[in-house]
Structure formats: C-alpha cells, structure tokens
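Have a look at the structure below before the remarks.
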Amino acid sequence: MRQSQLFTKTRREAPADETARNAQLLIQAGYIHKEIAGVYSFLPLGLKVIKNIENIIREEMNNIGGIEMKTTVLQNKEIWEKSGRWSDDTIDNWFKTKLKNGGEVGLSFTNEEAYSNILKQHISSYKDLPAYPYDFKEIFRNEARSKSGIIRGREFYWKALYSFSKNEAEHNSFYEKSKVAYQNIFERVGIKDLTYITFASGGSFSKFSHEFQTFIDAGEDIIYVDEKKKVAINKEVYNNEVIKSLGLKKEELVEKKAVEVGNIFTLGTKFSEPFDLKYKNEKGEENYVFMGCYGIGLGRLMGTIVEVFADDKGIIWPESVAPFKFHLIEIISNKLEVKETAEKIYKKLGESNVLYDDRDLRAGEKFADSDLLGMPYQIIISEKNIENNKLELKNRKTGEVKMIDESEIDNLFN
C-alpha cells in the first residue's frame with residue numbers, strides 16, 4: 001500500500017482524553033478512531049491487525065474441530081427469558097431497545113442462550129455430538145466506566161466457541177485441547193511468555209474456570225503467580241483452601257497486575273436444561289447435552305499486544321499481526337535513481353507486504369511516523385544508500401541496522 005493513498009494521518013501528540021497507553025498510541029498512529037468513551041472504529045491499518053489476529057484464532061479453533069458460523073447481534077427476549085437472564089438483576093450492563101411493533105430485543109451481551117436455541121434445532125441423537133460451533137461478532141456491554149482503551153470497551157469484537165458434548169468426560173477432553181489451542185494463539189501473537197493460565201471462580205457451573213492473564217502494568221486484574229509452575233490464581237478465588245487444593249504454596253506466589261485476554265468455562269447443563277436440549281444415547285435414553293464456553297476479545301488482545309511491546313517511540317508489532325511486515329521509506333531526492341529503486345523494491349516486495357512511504361515529507365517526519373506505526377522492519381532508500389549499491393534494513397524491535405544488497409530482498413521472506 002502506498003502511504004500517500006492512505007487517508008489516515010498520524011498525530012504529533014497523543015490524545016489528552018485517553019489514559020491508557022494502547023488507546024493513546026493506536027489513535028495517535030491512526031489505527032483506531034474514538035467515537036465515544038469505550039467505543040472505537042477500526043481504521044484501515046487497525047482493521048488489518050484485527051483480521052490477522054482473527055485468522056490466527058480461526059486456524060487454532062479449526063484445528064480442534066471448531067466450525068465457524070455467524071450469529072445475529074439482536075437477542076430474542078423470549079429465548080433469554082427461558083434461562084431467566086433477561087430480567088436477572090445481577091446483569092446490569094445490558095443494552096436493550098424496543099421494536100416498533102412493541103417487542104423488545106437486546107444487543108449481544110453473550111451467546112449461551114442463542115447457541116443453545118440454535119443447536120436445539122439440530123441435535124437429537126448421540127450421533128450429532130460432539131459439536132463445536134463458534135463465531136466472531138460484536139458484543140455490547142453498558143460498562144459504567146471505560147478507561148482502558150480497547151482493552152475494555154462498551155462495544156468490542158470477540159470470538160466465542162461453545163462446545164456441545166455427550167457427557168462430562170467428552171467435554172473435559174475438548175476442554176484440555178482448548179487450553180493448548182489458546183496457548184498456541186498467545187504464542188503466535190508473541191505474548192505466551194507473559195500469559196499465565198489462571199484459576200478463577202467457576203460460578204454456578206464448576207469449581208473453577210480458567211482465564212488467560214497477561215502481565216501488563218495497565219492490567220485491571222490482580223493475580224497471584226507461581227512463576228516456576230506457570231500457573232496463577234485470580235484475586236477473587238485467592239484463599240488458603242484454593243491454594244492448597246491446587247498444590248501451591250502461599251509464600252511462593254507473587255502478586256501481579258494483569259489483563260484477561262481469554263477465558264474458558266465449563267457450563268454443564270446450565271443452558272441445555274432451560275431449552276430442553278437433549279439427545280438420545282445408544283440405548284434410546286435421553287440425556288442433557290453437556291456444554292462449555294471459550295472466549296477471546298480480539299480488540300482486547302490487540303490492545304494488550306500494544307501495551308506489551310510499545311516503546312517510547314511508538315508501537316512495535318509482532319510479525320504475525322502487523323498490518324505490513326515492511327515499511328519502505330523513500331528519502332526524497334533530486335536523483336531519479338532513488339524513486340526508481342523505491343518503486344522497484346515496492347513491486348518486488350508486493351503491495352500486501354509493505355507500506356510504502358512515498359509522501360513528499362522530510363526524512364525526520366518519515367522516520368518518526370515509521371517508529372510510531374511499528375512495522376517489524378524498515379527498508380530505507382536514500383541517495384547515499386543508492387550510491388553504495390545498498391539498502392538499509394532496520395529491525396524496529398531491536399534497532400539493529402543492516403546494509404543489504406538488493407538481491408537479498410527475497411531472503412527477507414524466509
């Protein structure tokens with residue numbers, strides 16, 4: 001992509017009304033646009049990051065048997081009344097609205113009821129199970145406050161998978177596979193070493209749920225970590241009984257601030273019973289379907305990546321999620337060879353792999369923008385480099401600079 005054709009612009013200063021580092025940088029660099037507190041639009045570069053994260057998650061969900069679908073954002077009041085959660089006083093952050101015909105609907109808050117109702121139409125026999133449907137969609141929550149940028153929004157983009165199993169044993173087998181899949185996701189986006197499986201309250205569903213918590217200073221959660229065993233306990237379940245049951249020692253646990261980047265829950269028959277979601281086994285006996293839930297907020301993950309890797313110059317994207325692997329910087333010159341070389345390198349790299357700064361700006365402005373935008377590698381085409389028959393390759397994360405021959409361009413994809 002030619003940067004001259006990109007309508008978004010960088011800002012010299014971070015927005016004064018944002019306190020979260022992720023939102024400051026993403027807005028300043030032109031990745032997102034703030035509509036109101038907790039509500040952001042993803043601009044072209046931001047959308048490319050989200051899509052890269054989405055594809056990583058999709059691949060890992062498909063690898064464990066997930067089947068992608070798409071559920072509606074509008075929630076049917078009658079379906080939620082079956083579970084008793086439409087008028088549940090403990091859920092105080094619903095967005096609800098009235099239809100012109102007098103009916104009432106909610107905007108997607110979570111998806112247990114919707115999936116249970118859909119699968120009710122398709123499951124009747126043990127031969128129909130297990131099933132692992134999932135989707136990517138917008139979720140809306142009327143948060144009382146929203147000060148953590150895209151880490152906690154009133155509208156956010158998530159992936160939710162729901163498992164439908166014949167029994168608890170079959171569920172547990174998939175549950176363990178999902179843990180591995182989530183760890184693969186966090187490894188691929190570069191934050192695995194800072195992300196711990198964290199024991200949290202399972203509510204009315206099970207003794208524990210499992211969160212995936214990433215250490216960041218801006219984290220909203222407090223967790224207690226055994227750094228040797230790579231496990232943690234959420235503050236809400238931090239007590240002597242839980243510590244003992246997990247085989248941990250209180251004196252070996254370290255308090256950390258973290259952000260939850262994913263979670264998995266055992267639901268049991270909590271949502272299959274209200275919908276009479278049953279199947280017949282081999283003997284013709286009816287049993288309730290055993291369920292689980294597996295969520296990741298993509299915007300939250302994007303914001304966490306920014307918080308983890310940013311430096312005082314701007315964002316540093318891991319290659320796996322970066323909008324482009326390369327930022328090609330043409331230093332404006334009177335010599336035609338500079339422009340010709342830049343154009344040739346741009347075509348050779350391929351426009352889907354490189355953001356080409358062909359703008360008529362001073363070198364200092366281009367370098368500052370490039371550091372702020374955070375592509376993994378900068379390739380600098382200047383009059384001096386051309387005279388020496390070299391290209392300048394800079395690693396954004398390490399700052400390492402190498403002078404390479406034009407013939408080495410193909411090696412950069414290895």
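Shape of segment 326-413 from its Cα gyration tensor (a ≥ b ≥ c, root eigenvalues): rounded if a/c is under 1.5, otherwise prolate when a/b > b/c, or oblate? Provide the component values of the computation, followed by the final result.
Numbers: a/c = 1.32, a/b = 1.07, b/c = 1.24.
Verdict is rounded for segment 326-413.
Return the long-range amide H neighbours of Ile32 (sequence gap of 5 or more, or a different chain), with a cut-off of under 5 Å between placed amide H atoms.
Under 5 Å from the amide H of Ile32: Ile27, Leu43.
Could you tell me how many degrees, from 0 to 90 and to the nearest 10, lie between the Cα long axis of helix 298-309 and the main elongation axis, the longest principal axis, of the Cα atoms of the chain?
That works out to roughly 50 degrees.
DSSP loop (so not H, G, I, E, B), at most 16 other Cβ within 10 Å: list which GluC sites (Glu not before Pro) in segment 328-360 pass both filters. Could you put the intermediate results ahead of the total?
Working: sites: Glu330, Glu337, Glu340, Glu343, Glu351; in loops: Glu351.
When the GluC sites (Glu not before Pro) of segment 328-360 are filtered for loop state and at most 16 Cβ neighbours within 10 Å, Glu351 remain.
Just want the answer: with Cβ charges of +1 for Lys and Arg and -1 for Asp and Glu, which residue in Ser148, Tyr175, Tyr162 is farthest toward the dipole's positive end in segment 122-186?
Ser148
Which one of Val242, Thr269, Ser407 has its Cα pushed farthest toward the positive end of the charge dipole of the chain, where Lys and Arg give +1 and Asp and Glu give -1 at the Cβ?
Final value for the positive-end residue is Thr269.
Calculate how steeply helix 363-373 sits against the longest principal axis of the alpha-carbon atoms of the chain, using the helix alpha-carbon long axis, and give the answer as 0 to 90 degrees to the nearest 10.
Compared with the principal axis, the helix lies near 10 degrees.
Rounded if a/c is under 1.5, else prolate if a/b is larger than b/c, else oblate: which is segment 139-261, with a ≥ b ≥ c the root eigenvalues of its Cα gyration tensor? Walk me through the numbers on the way to the answer.
Working: a/c = 1.44, a/b = 1.05, b/c = 1.37.
Taking the square roots of the gyration eigenvalues as a ≥ b ≥ c, segment 139-261 is rounded.
So if I place +1 on the C-beta of Lys and Arg and -1 on the C-beta of Asp and Glu, and nothing else carries charge, what would the dipole magnitude of the chain be about its Cα centre? I want it in debye, nearest 20.
Numbers: 61 positive and 66 negative charges, 68 e Å.
It works out to roughly 320 debye.
Which entries of Lys159/Lys313; Lys51/Lys96; Lys179/Lys229; Lys70/Lys207; Lys9/Lys159; Lys192/Lys229 have Cα-Cα distances beyond 22 Å here? Display every interim value, and only then the final one.
Details: Lys159/Lys313 31 Å; Lys51/Lys96 29 Å; Lys179/Lys229 16 Å; Lys70/Lys207 31 Å; Lys9/Lys159 30 Å; Lys192/Lys229 14 Å.
Those over the limit are Lys159/Lys313; Lys51/Lys96; Lys70/Lys207; Lys9/Lys159.
Using a ≥ b ≥ c from the Cα gyration tensor of segment 3-309 (square roots of the eigenvalues), is it rounded, prolate or oblate, where a/c under 1.5 gives rounded and otherwise the larger of a/b and b/c decides, a/b for prolate?
oblate
If you fit an axis through the alpha-carbon atoms of helix 168-188 and take the longest principal axis of the Cα set of the chain, what angle between them do you get, 0 to 90°, nearest 10?
10
Every number here is computed from the coordinates shown, using simple stated rules; none is lab data. The structure displayed is predicted, hence computed values, not measured ones. All Cβ positions, glycine included, derive from the backbone under ideal geometry; neighbour counts span all protein chains shown.
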